[in-house]
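Please treat every number below as a calculation from the coordinates, not as lab data. Here the structure is a predicted model, which means the values were calculated and not measured. Quick reminder, even Gly has a Cβ in these numbers, built from the backbone with ideal geometry, and neighbours come from all protein chains shown.
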Amino acid sequence: MKRIFTAAALSLALALPAAAAPKIGMITTLSGGGAHLGVDVRDGFLLAMEMAGSDIEVIVRDDARKPDVAKSLADELVQREQVDILTGIIWSNLAMAVVPGAVRGGTIYISPNAGPSQLAGKLCHENYFNVAWQNNNLHEAMGAHMKDAGLAAPVILAPNYPAGTDALTGFKSRYGTPKAEIYTQLGQTDYAAEIAQIRASGADSVFFFLPGGMGIAFMKQYAASGVDLPVFGPAFSFDEVILGAVGDAAIGAKNTSQWAHDLENEANATFVSAFREAYGRTPTLYASQGYDAANLILSAAAKADISDPEAFRAALREADFASTRGDFRFGNNQHPIQDIYLREVIAAGDKPTNRLLGVAIEDLQDAYAAECPM
C-alpha cells in the first residue's frame, strides 16, 4: 500500500503520557536537483510517526535548497507556528543559515542529515542534536579503507560548500595527501573539465562526494568518458536513487555508510520492510536517518514534557530507541558515536544495489568533539 503525504501540517496519532506533545517543523529539500534526499528524509520520518500512531503535529516545508528560503521558513515556523522542534535540513550551508540562531533562541534542532564541523565543535549547543553523522565521518572511513587497500594516488573531489570541505578534510585525515584535490560548484551538472583533469593526473583511483543530481551527472559522464580508474565514495554518491539513474556503470564501486538496507538487526528489518510497503521503493540512508530522527523524538516525548526543556534534552541525550543502524549513542557534542560500514555496488535485477561488506571503522566519534565546551 502506497501512502502520499502533502507539505501541509500532518497530525498523526500517538498515545503519549499526559505530557504535552512537541510540535515539529520540518524544513527540507523537496524540489530541484537534490529533492530525493529531502523526500526520503521526510518519508522515513513520517513513516516512523505513523508506525508509532503519533498525534505529534509535523509541519513540512520545502526550502528549494536555498539558504534564504530556509531561514525565512525557520522564522515562520518558530514565530508564527510556534514549533518546539525544527528538523529536516539536508544541506550544510542551509544548516549554517538556520541552526545557530534557532538553537540560541531556545528551539531544539534535530539534524537528520547535515553535520557541519562548526556545529560539532566550537558552535555546539545544548539544543542541537545530530542523529545522522558529522560531515567528515563517512569520508574518514573511506580514506582509511583506500589507504589500507594500497591505493597510492587518488584524485578526490567534492562541491565547494561546508559539507564538501568537511568531506575532503575527513578523507585526508585518515588517508594523507592525495594525488590531486578538486572542488566543484554546488549543483554543477557538467564535469567534462574535472574528468579531463582526472585523465591527465596519473591517478590510480577516484574518490568523490557528489550527492543527489550531482552524483548522477558525474557518474554518467565518467562512464561515457572511457576513464577506467576505480571509483570510491561515501554512500551519498551511491544511494539507491543514484544507482537507479546511473545503472551498471556503478557496479563494483565501494562506499561507506553508517547504515545499509541489508544490515542485520530487528529494527532495520522492520524499517526496510515497512518503507518498501509504504512507498514501493528501497530506502536510502536518508530515509533511515529521517526514521531514526523521528524515533529519537518519540523516545524523548514518552519520557519528558517539551515544556520542560532541560528534562526533554536529557531524554534526547539518552537516545533510548532502537536505531536502524544498530548500536548508537551520543557523544559529548550530541553527535553519534557509531560504526561506519563498507558497502559494494552489485548487480541485482533491473538495477544495481548496495551490499554490505563489513565494518570500516568501529565506534567512530567525530574529530571536533574535543572542541565542544559541553
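Listed by chain and number, the lysines whose alpha-carbon sits under 29 Å from that of residue 303, ignoring those within fewer than 8 places in the same chain, are 23.
As a length-normalised measure over Cα pairs under 8 Å and 6 or more apart, the relative contact order of the chain settles at 19 percent. Checked against a 19 Å cut-off, the cross-linked pairs 66/122; 147/254; 66/220; 220/351; 220/254 give Cα-Cα distances beyond that limit for 66/122; 66/220. In the chain, the DSSP-assigned H stretches of four residues or longer account for a calculated mean residue ellipticity at 222 nm of -12000 deg cm²/dmol, using -39500 (n - 2.57) per stretch and the full residue count as denominator. Region 33-51 and region 244-285 have Cα centres lying 14 Å from one another. The residues 139, 261, when put in order of fewest to most other Cβ atoms within 10 Å, stand as 261, 139. Amide H to amide H distances under 5 Å link residue 282 with no residue, where only residues 5 or more positions off or on other chains count and H is placed in the peptide plane. I need the calculated FRET efficiency for the pair residue 359 and residue 79, taking r as the beta carbon distance and R₀ as 35 Å, to the nearest 0.05. Efficiency computed from Cβ-Cβ geometry: 0.20.
What you get for the chain, charging only the Cβ of Lys and Arg (+1) and of Asp and Glu (-1), is a dipole of about 620 debye around the Cα centre. The phi torsions of region 223-228, fed into the Karplus equation with coefficients 6.51, -1.76 and 1.60 and a -60° offset, translate into couplings of 4, 6, 6, x, 5, 10 Hz, rounded to whole numbers, with Gly and Pro shown as x.
Would you mind ranking 168, 119 so that the residue whose beta carbon has the fewest other beta carbons within 10 Å leads the list?
Placing the least packed residue first, the sequence is 168, 119.
Near the amide H of residue 364, within less than 5 Å, lie the amide hydrogens of 338, 339, 340, all on another chain or at least 5 residues away, with H placed in the peptide plane.
Going by neighbour counts of Cβ atoms within 10 Å, the residues 284, 189, 184 line up, fewest first, as 189, 184, 284. Here the label points at residue 313 and residue 281, each 7 Å from Cα along the C-beta direction, are separated by 3.7 nm in the simple model. Distance from the Cα centre of region 125-139 to that of region 181-230, in angstrom? Using only Cα atoms, the two centres lie 27 Å from each other.
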